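One structure below.
The values are calculated or read from the model by the stated rules, or taken from the named source; none is laboratory data. Keep in mind that what you see is a predicted model, and the values were worked out from it rather than measured. Cβ sites come from the backbone with ideal geometry, for glycine too, and all protein chains shown count toward neighbours. Heavy atoms of the whole protein, side chains included, go into the accessibility calculation; ligands, DNA and RNA do not. Shrake-Rupley method; radii C 1.70, N 1.55, O 1.52, S 1.80 Å.
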Amino acid sequence: MKGAYIFLADGFEDIEALGTLDILRRGGVAAATVSINNGTLEVTSAHGVTVLADMSLPEFFDAAPGTDAMLVFPGGLPGAANLAECESLMDLAKRHFADGGPVAAICAAPGLVASQLPGIRGLKVTCYDGFEGFLQDKGAVYTGEGTVTDGRLITGRGPAFAIPFGLAIVSFLQGADVAESVRKGLLLT
């Protein structure tokens with residue numbers, strides 16, 4: 001299914017997950033949140049906000065999204081580390097990217113999650129300060145920009161860039177004109 005799946009683990013960064021979800025839905029993207037917590041849809045953010053995800057990780061696997069679906073990894077700690085430590089999710093993300101599927105990660109997630117993807121050597125990326133070494137060790141080119149799109153990989157630097165990050169995903173999935181319409185609707189100049 002073309003659309004986007006935002007993976008949530010306890011300790012996710014609120015604005016990076018929920019702000020991105022908001023932007024995607026405003027842009028007409030079929031976006032769903034996925035809890036990686038065993039047996040529950042409840043996930044608690046880094047700032048103590050508990051949300052109810054749209055589906056569990058087993059339900060996501062059962063849905064078998066194709067390579068046209070965007071996999072989105074918000075940052076936050078320990079959220080990004082919890083995502084990176086979920087072996088079944090990382091195995092799927094690696095296969096998805098290797099098979100031509102798009103991936104987006106923001107804040108600590110580019111360093112902890114996207115660094116595990118095959119074929120990132122030479123790709124331009126950004127991430128939260130201090131996590132760039134994980135990417136550079138794999139041959140990615142750290143830019144320090146707010147949001148970077150390089151082919152099928154979209155990365156964001158941190159919470160302040162959640163809206164541009166979401167808009168970059170909308171542009172990738174729906175086109176630049178749709179992203180521009182969302183941007184104008186948000187009164188961004």
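Which members of region 80-89 meet the condition of being open to solvent by less than 10 Å² (accessible area, probe 1.4 Å) and over 12 Å from the mean Cα position of the chain (by Cα)?
The one that is open to solvent by less than 10 Å² (accessible area, probe 1.4 Å) and over 12 Å from the mean Cα position of the chain (by Cα): Leu89.
Which residues, counting only those in region 4-27, are of a type in the set (Asp, Glu), surrounded by 21 or more Cβ atoms within 10 Å (Cβ to Cβ) and not in a helix (DSSP H, G or I)?
Answer for region 4-27, where residues must be of a type in the set (Asp, Glu), surrounded by 21 or more Cβ atoms within 10 Å (Cβ to Cβ) and not in a helix (DSSP H, G or I): just Glu13.
Yes or no: region 50-70 includes at least one residue that is of a type outside the set (Phe, Trp, Tyr), touching a Leu at 6+ places or on another chain (Cβ under 8 Å), under 20 Å from Thr149 (Cα atoms) and surrounded by 20 or more Cβ atoms within 10 Å (Cβ to Cβ).
Yes; the residues of region 50-70 include at least one that is of a type outside the set (Phe, Trp, Tyr), touching a Leu at 6+ places or on another chain (Cβ under 8 Å), under 20 Å from Thr149 (Cα atoms) and surrounded by 20 or more Cβ atoms within 10 Å (Cβ to Cβ).
Assess whether Phe73 counts as being open to solvent by less than 10 Å² (accessible area, probe 1.4 Å), aromatic (Phe, Trp, Tyr) and farther than 15 Å from Leu112 by Cβ.
No, not satisfied.
Do we find a residue being within 25 Å of Asn37 (Cα to Cα) and among the acidic types (Asp, Glu) anywhere in region 88-100?
yes
Across region 28-49, what is the number of residues that are in contact (Cβ under 8 Å) with a residue 60 or more places away in the chain and either buried (at least 19 other Cβ atoms within 10 Å of the Cβ) or under 17 Å from Ser88 (Cβ atoms) (or both)?
Summing the residues that are in contact (Cβ under 8 Å) with a residue 60 or more places away in the chain and either buried (at least 19 other Cβ atoms within 10 Å of the Cβ) or under 17 Å from Ser88 (Cβ atoms) (or both) in region 28-49 gives 1.
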